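Visitor: Please read through the structure below; I'll follow up with questions.
The values are calculated or read from the model by the stated rules, or taken from the named source; none is laboratory data. It should be emphasised that the depicted structure is a prediction, and the values quoted were computed from it without experimental measurement. Positions of Cβ are generated from backbone atoms using ideal geometry, with glycine treated the same way; all protein chains shown enter the neighbour counts.
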Amino acid sequence: MIAVDVALTRGEFSLEAAFESKARILALHGPSGSGKTTLAHLVAGLAAPDAGRIAVNGARLVDTAQRLNVPPEKRRIGLVFQDALLFPHLDVKMNIVFGRFFTPKTERRVPFDAVVETLGVGHLLRRRAGSLSGGERQRVGLARALLCSPRLLVMDEPMASLDYDRRQEIMTLIERLRDEFSIPILLVSHAADEILRLADEVVSLDRGRIVAQGLPSETLAAASRHVEGGRFSVVSAIEAHVGAYDAHFGVTRLRHPAGEIIVAAHVANGDRRVRLLINATHVALAYRKPEDTSIRTALLGRIAAIDEDASPFAFVRLELEGGGRLVSAATRLSVAEMNLSVGAQVYALVKSVALDERELGRSA
Amino acid sequence: MTLSDLSPSLGFSPPELTAIVLSLKVAGVATAASLPVAVFIAYALARWRFPGHAALNAIIHLPLVMPPVVTGFALLLLLGRKAPLGAFLADHFGVVFAFRWTGAALAAAVMSFPLMIRPIRLSFESIDERLGLAARSLGANRIWTFFLVTLPLAAPGVIVGTILGFAKALGEFGATITFVSNIPGETRTIPSAIYSLTQTPDGDADALRLAAVSAAIAIAALIVSEILQKRADATRAGR
């Protein structure tokens with residue numbers, strides 16, 4: 001899908017990155033100043049590298065050795081900005097069809113009605129772009145980028161300025177776009193939960209260099225100790241099968257080889273897998289499956305690593321029975337008193353009420 | 001029915017009416033002809049960095065600080081019948097500026113240019129450049145992007161610049177009288193006519209009437225610009 005090998009220097013900042021990926025959603029992750037947005041701009045053609053090559057879906061966009069640098073309007077890469085950047089002098093409909101106007105008729109693969117329907121912007125079409133709320137703006141921005149039937153959608157922190165509920169909503173929409181329009185997505189994000197839920201692969205950047213590339217759950221877990229927000233933003237993603245919904249108690253049972261996971265919500269059933277995000281602070285550990293407890297979800301696993309330093313905290317990484325990785329945040333005190341060690345078999349206890357149904361993403 | 005037929009009812013004498021019509025023509029042509037140039041140069045000054053950026057900016061603003069008579073004199077030296085450039089234009093294109101109404105329009109355009117360009121440039125500078133990038137990524141080339149996104153967003157500044165330029169052109173006197181003199185029916189605009197009237201005995205009442213016309217046109221222009229700008233602002237704010 002995408003192959004990048006570029007170098008660029010701007011004043012003090014230098015970027016050198018080479019990666020290839022076939023992921024349906026590839027995430028670029030890193031702190032601010034890591035170069036992830038610059039990299040996205042290079043792909044979209046808003047900036048040119050000093051040297052290197054970029055190809056998307058087999059189309060060569062940049063090759064400095066051959067003096068090739070396709071201008072942005074010819075790249076057919078849909079861009080979604082953090083603040084949507086709708087055209088304020090046009091109404092929503094004109095914003096949405098702006099790109100389609102410039103798309104050759106033979107390449108208009110994405111139908112207008114389907115986009116309007118999927119993104120739920122039908123009732124906004126006659127509004128002025130400036131009168132929309134943040135979430136609405138972002139949906140219109142997605143529609144606008146989609147309707148030029150792009151080779152690739154580049155999303156630059158599309159959810160960074162939205163509140164929690166709007167973020168969940170946009171994430172659900174991005175999953176639908178991926179499934180319904182089969183357009184690959186390059187997602188620039190510093191939020192671990194977005195990447196864990198959406199991405200199939202992640203490229204992790206720091207100060208202009210790639211520091212890791214791989215599956216999001218593994219790549220991000222390795223860096224999680226240093227994540228912004230400390231222990232509260234350490235999140236793991238595990239995949240489970242949707243099971244039966246208990247209408248009386250309003251809970252859904254998800255099946256995982258390591259144990260049953262109870263979610264306090266109605267997860268639309270059907271035989272499918274979902275990706276579940278679990279905060280490390282919501283996971284407790286026990287040697288035996290406790291019986292006199294309110295916690296219903298106990299997952300069997302083995303300790304793969306224990307991350308400790310001088311802080312009071314320890315991050316215990318588990319390999320779950322039947323696959324999947326889960327991080328538990330504990331104190332060093334409990335690690336010492338329980339005598340936890342690598343290789344030990346433990347149960348991970350998860351409070352059902354801490355699992356939010358909106359954190360369930362459709363699994364790839 | 002022509003304007004001169006109306007003159008008795010409006011209370012203007014034929015020479016006064018000629019001066020008013022000529023003034024509107026000179027200012028209108030000066031504004032219309034310099035607007036595209038002003039938009040282009042304002043855009044270049046706002047968005048591009050090139051050698052000579054500061055020099056161009058200074059040259060444009062020169063008529064604002066120089067005595068108008070000097071500007072008119074410079075035009076005369078450059079474009080007079082016997083000046084090389086003036087003779088060249090007259091011989092090869094049949095374009096003559098000296099002592100013609102076209103010269104009055106040129107003098108007005110030069111003098112009003114700095115006033116016209118400033119609000120347009122500020123307007124371009126206030127536009128988020130990334131909106132242009134968004135348009136490019138959606139498939140619009142530079143020219144489409146300019147006409148569909150950048151220029152519409154700069155509309156309030158373009159309107160203000162046009163009105164200010166028109167008002168200034170209407171009132172231009174020093175450079176005009178130096179460059180094209182004060183010929184009734186050809187180059188005697190309202191300010192020149194007022195000046196002539198003040199030089200004749202008993203001309204004060206007539207001068208006052210023309211001054212009132214002048215003020216009325218200027219005030220009307222300001223009101224129109226205010227209304228258009230409000231409308232453009234409302235559009236931008238999304239109402």
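Visitor: Working carefully through the options B:196, B:225, B:192, find the one that is more than 25 Å from residue B:157 (Cβ to Cβ), part of a helix (DSSP H, G or I) and either in contact (Cβ under 8 Å) with a residue 40 or more places away in the chain or basic (Lys, Arg) (or both).
Guide: Exactly one of B:196, B:225, B:192 is more than 25 Å from residue B:157 (Cβ to Cβ), part of a helix (DSSP H, G or I) and either in contact (Cβ under 8 Å) with a residue 40 or more places away in the chain or basic (Lys, Arg) (or both), namely B:192.
Visitor: Could you list, in sequence order, all residues of the range A:261-288 that are surrounded by 14 or more Cβ atoms within 10 Å (Cβ to Cβ) and basic (Lys, Arg)? Break it down into steps so the answer makes sense when it comes.
Guide: So in the range A:261-288, the residues surrounded by 14 or more Cβ atoms within 10 Å (Cβ to Cβ) come out as A:261-265, A:267, A:273-286.
Result: A:273, A:275.
Visitor: Identify all residues within the range B:118-133 that are out of contact with any helix residue (DSSP H, G or I) (no Cβ under 6 Å at 6 or more places or on another chain) and polar (S, T, N, Q); write none if there are none.
Guide: Listed by number, the list holds a single entry, B:126.
Visitor: Right, here's the next one. Which one of the conditions (1) in a helix (DSSP H, G or I); (2) touching a helix residue (DSSP H, G or I) at 6+ places or on another chain (Cβ under 9 Å); (3) of a type in the set (A, V, I, L, M, F, W, C) does residue B:147 fail to meet, given that it meets all the rest?
Guide: Status for residue B:147: all satisfied but (2).
Visitor: Report, by residue number, each residue of the range B:190-239 that is of a type in the set (Ser, Thr, Tyr) and more than 14 Å from chain A (Cβ to nearest Cβ).
Guide: Those that are of a type in the set (Ser, Thr, Tyr) and more than 14 Å from chain A (Cβ to nearest Cβ): B:192, B:195, B:196, B:198, B:200, B:214, B:225.
Visitor: While we're here: Name the one entry in B:144, B:101 that is more than 14 Å from chain A (Cβ to nearest Cβ) and surrounded by fewer than 24 Cβ atoms within 10 Å (Cβ to Cβ).
Guide: Every option except B:101 fails the conditions.
Visitor: Return the only residue of B:159, B:163, B:117, B:177 being farther than 30 Å from residue A:100 by Cβ, within 19 Å of the chain's Cα centre (by Cα) and within 14 Å of chain A (Cβ to nearest Cβ).
Guide: B:159 is the lone residue from the list that is farther than 30 Å from residue A:100 by Cβ, within 19 Å of the chain's Cα centre (by Cα) and within 14 Å of chain A (Cβ to nearest Cβ).
Visitor: For the range A:62-72, name all the residues that are farther than 12 Å from residue A:150 by Cβ and either touching a Lys or Arg at 6+ places or on another chain (Cβ under 7 Å) or among the β-branched types (Val, Ile, Thr) (or both).
Guide: Within the range A:62-72, A:62, A:63, A:64, A:68, A:70 meet the criteria.
Visitor: Which of the residues belonging to the range A:34-52 are over 21 Å from residue B:133 (Cα atoms) and either crowded, with 22+ Cβ neighbours inside 10 Å or touching a Lys or Arg at 6+ places or on another chain (Cβ under 9 Å) (or both)?
Guide: Answer for the range A:34-52, where residues must be over 21 Å from residue B:133 (Cα atoms) and either crowded, with 22+ Cβ neighbours inside 10 Å or touching a Lys or Arg at 6+ places or on another chain (Cβ under 9 Å) (or both): just A:34.
Visitor: Name the one entry in A:45, A:58 that is at pLDDT below 90, more than 19 Å from the chain's Cα centre (by Cα) and either on the phi > 0 side of the Ramachandran plot or of a type in the set (S, T, N, Q) (or both).
Guide: Exactly one residue qualifies, and that residue is A:58.
Visitor: What residue, of A:20, A:16, A:12, is of a type in the set (D, E, K, R) and touching a residue at least 40 places away in the same chain (Cβ under 8 Å)?
Guide: A:16
Visitor: Right, another one. Can you work out which of the residues in the range A:1-12 that are surrounded by 13 or more Cβ atoms within 10 Å (Cβ to Cβ) and assigned to a strand (DSSP E or B) is farthest from the chain's Cα centre (by Cα)? Steps first, answer last, please.
Guide: Here is the first cut: in the range A:1-12, the ones surrounded by 13 or more Cβ atoms within 10 Å (Cβ to Cβ) are A:1-9.
Subset that is assigned to a strand (DSSP E or B): A:2-9.
Working: A:2: 17, A:3: 20, A:4: 20, A:5: 23, A:6: 24, A:7: 26, A:8: 26, A:9: 28 Å.
Looking at the filtered set, the residue picked out is A:9.
Visitor: Looking at the range A:329-339, which of its residues are outside any helix (DSSP H, G or I) and over 15 Å from residue A:312 (Cβ atoms)?
Guide: Answer for the range A:329-339, where residues must be outside any helix (DSSP H, G or I) and over 15 Å from residue A:312 (Cβ atoms): just A:339.
Visitor: Inside the range A:231-310, counting only strands (runs of 3 or more DSSP E) that do not spill past its ends, which hold 2 or more residues that are under 24 Å from residue A:216 (Cβ atoms) and either touching a His at 6+ places or on another chain (Cβ under 9 Å) or charged (D, E, K, R) (or both)?
Guide: Values: elements: A:235-246, A:251-256, A:259-263, A:273-279, A:283-286, A:297-308.
Counting at least 2 such residues, we get A:235-246, A:251-256, A:273-279, A:297-308.
Visitor: Could you give me the residue pairs with C-beta distances under 7 Å whose first residue belongs to the range A:84-104 and is assigned by TED's automatic domain parsing to the domain that holds residue A:159, whose second residue is assigned to a loop (DSSP other than H, G, I, E, B) and among the polar types (S, T, N, Q) wherever it lies, and which are 6+ apart or on separate chains?
Guide: Hits for this filter: A:103/A:149.
Visitor: Then there's this: Can you spot a residue in the range A:171-182 that is surrounded by fewer than 23 Cβ atoms within 10 Å (Cβ to Cβ), within 12 Å of chain B (Cβ to nearest Cβ) and within 25 Å of residue A:3 (Cα to Cα)?
Guide: no
Visitor: Right, next: Would you point out which residue out of A:198, A:142 is in contact with a helix residue (DSSP H, G or I) (Cβ under 7 Å, 6 or more places away or on another chain), under 26 Å from residue A:272 (Cβ atoms) and away from chain B (no Cβ under 14 Å)? Give the steps one after another, and end with the answer.
Guide: Details: A:142 fails: away from chain B (no Cβ under 14 Å).
Going through A:198, A:142 in turn, just one is in contact with a helix residue (DSSP H, G or I) (Cβ under 7 Å, 6 or more places away or on another chain), under 26 Å from residue A:272 (Cβ atoms) and away from chain B (no Cβ under 14 Å): A:198.
Visitor: Taking the range A:92-101 as the search range and keeping residues that are more than 22 Å from residue A:161 (Cβ to Cβ) and more than 9 Å from chain B (Cβ to nearest Cβ), which one is surrounded by the fewest Cβ atoms within 10 Å (Cβ to Cβ)?
Guide: Per the criteria, the residue is A:94.
Visitor: Right, here's the next one. What is the one condition in (1) surrounded by 22 or more Cβ atoms within 10 Å (Cβ to Cβ); (2) more than 24 Å from residue B:192 (Cα to Cα); (3) at pLDDT 90 or above that residue B:75 does not satisfy?
Guide: The number of the failed condition is (2).
Visitor: Which one of the conditions (1) modelled with pLDDT under 85; (2) assigned to a helix (DSSP H, G or I) does residue B:239 fail to meet, given that it meets all the rest?
Guide: Every listed condition holds for residue B:239 apart from (2).
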